[in-house]
């Protein structure tokens with residue numbers, strides 16, 4: 001009778017031992033066998049972030065996004081009473097492509113609906129669109145306070 005009870009309890013003890021050993025082996029494997037370099041550090045992402053997904057400062061889509069975002073923010077948050085009507089003379093200030101997120105820093109002359117002209121600084125980030133494709137734009141309009 002005792003032998004029959006021992007044989008019934010043996011599979012659960014053996015199963016527990018096997019699960020514990022497998023967990024320890026997986027943990028050790030994850031701890032010691034990680035890749036030495038991430039895909040971004042190895043340059044594997046560079047072919048995906050190229051000039052097609054990283055537009056120039058004077059690209060029509062970029063300028064359109066800057067104007068659209070500014071005017072949306074004016075309507076929905078700032079309520080200062082003027083809009084950007086045009087961005088003139090866009091040019092690049094600096095490009096940083098050796099990093100995980102390539103960036104292009106730009107400047108243009110913003111023509112406002114109230115007749116004033118201000119400098120618009122904007123940043124284009126490559127590979128930051130939907131699912132890591134395309135680009136993302138951020139901007140800042142300079143003002144002089146009197």
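The values are calculated or read from the model by the stated rules, or taken from the named source; none is laboratory data. Nothing here was measured: the structure is a model prediction, and the numbers come from that model. Virtual Cβ from ideal backbone geometry, glycine too; neighbours counted across all protein chains shown.
Can you find, within the stretch 114-133, the residue that is nearest to residue 61 (Cα to Cα) among those that are touching a helix residue (DSSP H, G or I) at 6+ places or on another chain (Cβ under 9 Å) and surrounded by fewer than 18 Cβ atoms within 10 Å (Cβ to Cβ)?
The initial filter retains those residues of the stretch 114-133 that are touching a helix residue (DSSP H, G or I) at 6+ places or on another chain (Cβ under 9 Å), namely 120, 122, 124, 127, 132-133.
Adding the requirement that they be surrounded by fewer than 18 Cβ atoms within 10 Å (Cβ to Cβ) leaves 132-133.
Values: 132: 17, 133: 15 Å.
Checking each candidate, the answer is 133.
Kindly check whether there is at least one residue in the stretch 92-104 that is closer than 19 Å to residue 68 by Cβ and touching a residue at least 24 places away in the same chain (Cβ under 8 Å).
Checked the stretch 92-104: at least one residue is closer than 19 Å to residue 68 by Cβ and touching a residue at least 24 places away in the same chain (Cβ under 8 Å).
Filter the stretch 92-111 for residues that are out of contact with any strand residue (DSSP E or B) (no Cβ under 6 Å at 6 or more places or on another chain) and at pLDDT 95 or above and give the result.
Going residue by residue through the stretch 92-111, those that are out of contact with any strand residue (DSSP E or B) (no Cβ under 6 Å at 6 or more places or on another chain) are 97-100.
Across the stretch 92-111, there are no qualifying residues.
If you go through the stretch 126-145, how many residues are without any contact (Cβ under 8 Å) to a residue 60 or more places away in the chain and over 14 Å from residue 69 (Cα atoms)?
Filtering the stretch 126-145 for residues without any contact (Cβ under 8 Å) to a residue 60 or more places away in the chain gives 128, 130-131, 136, 138, 140, 142-145.
Keeping just the survivors that are over 14 Å from residue 69 (Cα atoms) gives 128, 130-131, 142-145.
Count: 7.
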